[in-house]
Structure formats: C-alpha cells, structure tokens
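All remarks here apply to the structure that follows.
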Amino acid sequence: PSTDTPSCHAGDTTGQCTQPLRCPVEVDDVWGITWRSTPPGDVATEPCPASQAGNARRSCSSDAVWMMPDLIECGSTSLQAFAGMVERAPTFIPGSSSPPGEIIESTSSAVEELSRLTNGTNLFPDDIAVSLELLSMFFSQRQMVFAAESDMPAASYQRGFLQTASNLVTEANQRSWRNLQNVRAPDPATALCPSQSCITNIIPVNPPPSMTESGQLLRLVEDFSALESAQLPHRPGEESRTTVSSPNLEMQLVALPGQEASRIMFDSADTAEESDEVLLPSELFKQANS
C-alpha cells in the first residue's frame, strides 16, 4: 500500500508539513546504491551494483523510515559462473565413480580457484552464501576421499580451504555478513544458500536448521581441522602437530597418539549455532605472536 496524502513525519510538532509522507532519496556510498523516494509501506527495488547480479530491496516503514536493505540476491557474476561450472563437473556429481586421486585433484584445483575469486574484494551477501555452499561441498569430497584413502596428500586443498575461509571473514565483509543474517531468518530449505545461483545437485554437510551462516562457517572450519588433524603423519604412540596460517585464521592441527580425530569444541558446545557474526582481524594473531 502507498499514500500521497500530505502527512507529517513522526516527531514533527509544527503541523506545517505539506509534502506527502515518503522515505527520502538516500545515496548509500558503501553498497553503491541510490534508493529512490518511496511511499510508506512500499518496497523499493534497485539493481545490485555494477558487476553484481540480482536486485536489492528496501522497505519503507509506515512512518516513512528506511529499513535495513535486503541485498541477499546481490552476488558476483564471476563467482556464480564458477559455481555453475563446478556443478557440471563430473567429479562433483553425487555417486561419481571417479578415482580418489582424480577427485582430490579436482577438489584442490576448485578450492584454490574459490580462494582466488574471494580474495582482495568486498564480497556481497550472495557471494558469502555461495562460497559457504562450495566449501561445504569441497569438504564432503575430501571426506569421501579420506574414507577411501586416508593418506591421500592434499596440501593445495588445505591452503585453498583455509585461505577462502580467511577471505570470508575480512573486516571489509562484516556488513555483508550482518545483512545476510539479519535480513532473513534461517530456513531449513535454504540452509546454505538463499538465491537462485545455488548449486542444486550436491548434498552439502547439513547444519542444524537454526544455524546462522557464521555458525556454518565455524562448523566447516571445525570439521576441516578435525579431518586434517587425522591425516598428520606420526609415529605410533607419539603426538604430531603443525600450524597452518592465513591472514585472518590460524589453526593448529594435532594428531594425538592412540586417538581418532574428534570435533574441536569451542568454549560452549553451542557456540557455532549461536554466533551472530564472524570477525577475526589479523591483528589478533600478530599480537598473539609478538
């Protein structure tokens, strides 16, 4: 519904206003979107910024106050094209009969390309959602290979996976994380990816329906570290450990003697589910190492 009847904004005590009540034109320099004047109760729709597919939306409240913009459709065309290419790759089709070596080689190449596409650029909400789904799929492939050949080397996969996770949590992407998580409530039907750019023929690691996107990332990194720890070479009865680092994440992998890989737990078992955002600045690790 909309109205062009002259009305005063809430808080106007002069009674002199003569213009129709509307949300004003607003230029958002961060997102690169100009929101046109919109009647109360209407939803403004604007194209996503250049090089981004989809449309952005923003509601004008009944009091003519702009609400938080909804940019969960906005995403990089290059990242969406890459997701489509991965979807069509024979080694990523569920039930693929490709040998483990071929699967891990394809997965390593794909995750390194994902790390390149997400590096050095401000990601939009759909970019984060698509990247999470791809990381989930790549982890599933790695898990499948581990079940068949536990000693299959995958150094490039480790680098690409950790670098991608690091790219997602740069401070520049903080606004996209908040927009993605605050605009919509978690939905079991769109647990990892809300837009039409999602991959449809894969079965990702299934998070609890109520888990936020940041919780999904924490769970993926947690599972990644547990699986990679289990593959560290070590002598019977001895502990083996190594540290892998990226600009925003640092992970210590530990293989304990006589124990199988187990999930790394945070302070609370529900931390991943309850987290509202992920922001791990590189300064944190610089201070820790100084």
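Throughout, read-outs are computed from the coordinates displayed, never taken from laboratory work. It should be emphasised that the depicted structure is a prediction, and the values quoted were computed from it without experimental measurement. Counting neighbours? That spans all protein chains shown, and the Cβs are built from the backbone with ideal geometry, glycine included.
Residues with amide H under 5 Å of residue 55's amide H, sequence separation 5 or more or different chain, H placed in the peptide plane at 1.01 Å from N; which?
Correct list: 48.
Could you list which residues have their amide H under 5 Å from that of residue 74, counting only those 5 or more apart in sequence or on another chain, with H placed in the peptide plane?
HN-HN under 5 Å from residue 74: 126.
Which order, highest average first, do 117-129, 220-232 follow once you tally other Cβ atoms within 10 Å for each residue and take the mean per peptide?
Result, highest mean Cβ count within 10 Å first: 117-129, 220-232.
Can you give me the long-range amide H partners of residue 42? Hydrogens built in the peptide plane at 1.01 Å from N, cutoff under 5 Å, separation of 5 or more residues or another chain.
60
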